[in-house]
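K.L.:
First the structure, which I've put down as structure tokens, then a few questions once you've had a look.
The values are calculated or read from the model by the stated rules, or taken from the named source; none is laboratory data. Keep in mind that what you see is a predicted model, and the values were worked out from it rather than measured. Every residue, glycine as well, gets a Cβ built from its backbone with ideal geometry; the counts of neighbours run over all protein chains shown. The protein model used for the area step is the full one, side chains on, heavy atoms only, and it has no ligands, DNA or RNA in it. Shrake-Rupley method; radii C 1.70, N 1.55, O 1.52, S 1.80 Å.
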Amino acid sequence: MRVVIAEDSVLLRDGLTRLLTAHDIEVAAGLDDAAGLPEAVERERPDLVILDVRMPPTFTNEGLVAAIEARRRRPGLPVLVLSQYVEQLYARELMRSGDGALGYLLKDRVAHIDMFLDAIHRVAAGGTVLDPKVVAAMVAHRHSGLARLTDREREVLSLMAEGRNNGGIAATLVLSQQAVSKHINNIFAKLDLPADTDGNRRVLAVLEYLQHDQD
């Protein structure tokens, strides 16, 4: 796997490079700002881009804008965004930039090496990965709309939005896959989502519901 990193923090960029290299992932380029990202993507043809949301010069949304532009030029480009804070607006804009192969994690997740590497491979393979804290914030924003769900269904919904498959949800909640399937069908029915939605489209359908303004 070939990766391009865009991160203005030298320590984090170097740490990511060392971590990925140690796990047989090639870092094709390391950038200290977002301006050169689209060109680097064209030149290196990476399997995945990892970048910060807030980068020079204004430290607002340069990384996000660069990621969206890179995916416009190369549809389906896998992108894993790292952020210091839970920023629902940025997560929403990223998810609207294409169909799948997207991740949004808080930077402190990098310390959980196995989880972080799993997220990298899932996004590179076309999956969608959201940080649990981002999911929790989105769910909290939709309390009234989620009122029909049971506590267990909320747990399942949160794990679905993180990109977990039925087996992963079952293992996390110590349930049978049959029970998980039943909960998911109930969720789709209560949220008026298509029952046959699966895989990455399932995640995006759930996110669309969670992101929709209540007004």
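K.L.:
Looking for whichever is surrounded by 14 or more Cβ atoms within 10 Å (Cβ to Cβ) and in contact with a Gly (Cβ under 7 Å, 6 or more places away or on another chain) here; the options are D32, D47, D8, D52. Which one fits?
P.N.:
D52 is the lone residue from the list that is surrounded by 14 or more Cβ atoms within 10 Å (Cβ to Cβ) and in contact with a Gly (Cβ under 7 Å, 6 or more places away or on another chain).
K.L.:
Answer yes or no as to whether D24 is in a loop (DSSP other than H, G, I, E, B), acidic (D, E) and open to solvent by 40 Å² or more (accessible area, probe 1.4 Å).
P.N.:
Here the answer is yes, as D24 does meet what is asked.
K.L.:
Residues in the stretch 140-149: is at least one at pLDDT 70 or above and of a type outside the set (D, E, K, R)?
P.N.:
Yes, the conditions are met somewhere in the stretch 140-149.
K.L.:
So which residues in the stretch 173-194 are closer than 26 Å to A125 by Cβ and in contact with a Lys or Arg (Cβ under 7 Å, 6 or more places away or on another chain), if there are any at all?
P.N.:
Matches in the stretch 173-194: H183 only.
K.L.:
Would you please name the residue that is farthest from the chain's Cα centre (by Cα), looking only at residues in the stretch 55-67 that are closer than 20 Å to A101 by Cα, aliphatic (A, V, I, L, M) and open to solvent by less than 30 Å² (accessible area, probe 1.4 Å)?
P.N.:
In this case the residue turns out to be A66.
K.L.:
Checking R13 against (1) surrounded by fewer than 21 Cβ atoms within 10 Å (Cβ to Cβ); (2) in a strand (DSSP E or B), which single condition isn't satisfied?
P.N.:
Failing condition for R13: (2).
K.L.:
Restricting attention to the stretch 35-44, report how many residues are assigned to a helix (DSSP H, G or I) and either of a type outside the set (D, E) or crowded, with 17+ Cβ neighbours inside 10 Å (or both).
P.N.:
Number satisfying all stated conditions: 5.
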